[in-house]
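Report on the following structure.
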Amino acid sequence: MSARDDQRTNAPHREPEPPFPARQQSPPGIEAAMRPAPHFHAAHYRAADKLEGLAALVTGGDSGIGRAVAVLYAKEGADIAIAYLPSEEADARVTQQTIEELGQRCVLLPGDLSTASECDRAIERTVQAFGRLDILVSNAAHQVQTESLDEISDAMFDTTFRTNVYPLFWLTRAALRHMQPGAAIVATSSKTGLVGARHIPDYSATKGAINAFVKSLAVQLADKGIRVNAVAPGPVWTPLNVADPGRDAHQVAHFGEDTPLGRPAQPEEVAPAYVFLASNADASFITGIVLPVMGGETVGA
Ligand code: NAD
Ligand code: MG
């Protein structure tokens, strides 16, 4: 492929393949410490002002999929608030700087979203900053692999549900006080919510709950003109798995190898699905779906 070909929007471009360096971190993980660094700039993406003048809140927008979504939304003309844990401030600053370089505003909302009050606060602060809320991306999550149910304490089970499921309910309830017809809610689900996963039954169950919530709410909000959808990624190269205390160094090195494409997705390859689902130019007749972005793995849904 010539250098000129590589500039074309539709040119195939290579993404990193396993094996990766066998590095591990502790939760929630920091993107700045990952090697190779996850790709989130989406250099081949051509924006079309699809979200011009809109305001979005992206939870977990400091890193991984959330950062790539926040950056792509900014490329499409939206102002962005990102919510994340205070220990991730360094990653959040990188997201903020990238968005500001694109000419959009980025408000930082550090805080633990596993309480209703913090979710309410995140919504209110987004509306205070931008005067509106058009898109909610409920994306933050917690995951710990285990061998058996005996390893999952009640407190761990609770943490997983309070991080992955409850905020979708709390954030949506608060967001609906501000959203107008044309608004969109996008939740991050997972392949594990569709087919289960041996080592993360609790996490997989949260994703199944998200799918059912999204489908139900899509129907409830149809006459309000608010669309509700989810994205179900397969393996993606982000801090979540590198920082999973139940995943050893060998598993990190070979992460995503078993997909038909033989590698995990980079965040920039998952983020366009979130633009698609948020954009009324693209997805005005789409609500209540769980969109798989799984590198060739298929589900019978
Ligand atoms: P990530 O670690 O970059 O993002 C997860 C984010 O969740 C963290 O950055 C953190 O800010 C946030 N978070 C966790 N606990 C929180 C809390 N209590 N309060 C506030 N924020 C909190 O990893 P990612 O892979 O980009 O994860 C984003 C989403 O993608 C998650 O919903 C995850 O379940 C989903 N997902 C990831 C994969 C994958 O292979 N990486 C696959 C399928 C689905
Ligand atoms: Mg993070």
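The values are calculated or read from the model by the stated rules, or taken from the named source; none is laboratory data. Here the structure is a predicted model, which is why all the values come from computation and not from measurement. Methodologically, a virtual Cβ is constructed for each residue, glycine included, from the backbone with ideal geometry; neighbour enumeration extends over all protein chains shown. All accessible areas refer to the heavy atoms of the entire protein, side chains included, with ligands and DNA or RNA removed. Shrake-Rupley method; radii C 1.70, N 1.55, O 1.52, S 1.80 Å.
For this structure, a couple of remarks:
- For the stretch 169-185, the criterion of being buried (at least 16 other Cβ atoms within 10 Å of the Cβ), part of a helix (DSSP H, G or I) and hydroxyl-bearing (Ser, Thr, Tyr) is met by at least one residue.
- For the stretch 133-153, the condition holds for at least one residue, the condition being that it is within 12 Å of ligand 1 (Cβ to nearest atom), closer than 22 Å to Gln251 by Cβ, assigned to a loop (DSSP other than H, G, I, E, B) and in contact with a strand residue (DSSP E or B) (Cβ under 8 Å, 6 or more places away or on another chain).
- Failed condition for Asp62, given (1) touching a residue at least 60 places away in the same chain (Cβ under 8 Å); (2) part of a loop (DSSP other than H, G, I, E, B); (3) within 22 Å of Asp120 (Cα to Cα): (1)
- Matching residues, the stretch 121-141, being open to solvent by 50 Å² or more (accessible area, probe 1.4 Å) and of a type outside the set (S, T, N, Q): Arg121, Glu124, Arg125, Gly131, Arg132
- Enumeration of residues in the stretch 214-248 that are part of a helix (DSSP H, G or I) and either open to solvent by 30 Å² or more (accessible area, probe 1.4 Å) or without any contact (Cβ under 8 Å) to a residue 24 or more places away in the chain (or both): Lys215, Ser216, Val219, Gln220, Ala222, Asp223, Lys224, Leu240
- Which listed residue, of Ala90, Ala81, Ala116, Ala37, is within 16 Å of ligand 2 (Cβ to nearest atom), open to solvent by 20 Å² or more (accessible area, probe 1.4 Å) and out of contact with any Asp or Glu (no Cβ under 8 Å at 6 or more places or on another chain): Ala90
- Scope the stretch 269-283; condition in contact (Cβ under 8 Å) with a residue 40 or more places away in the chain and either open to solvent by 30 Å² or more (accessible area, probe 1.4 Å) or assigned to a strand (DSSP E or B) (or both); matching residues: Glu269, Pro272, Asn280, Ala281, Asp282
- Residues located in the stretch 178-201, provided they are touching a residue at least 40 places away in the same chain (Cβ under 8 Å) and of a type in the set (Lys, Arg): Lys191
- Number of positions in the stretch 69-95 that are more than 8 Å from ligand 1 (Cβ to nearest atom) and within 18 Å of Asp134 (Cα to Cα): 14
- For the criterion of being open to solvent by 50 Å² or more (accessible area, probe 1.4 Å) and at positive phi, Gly60 fails.
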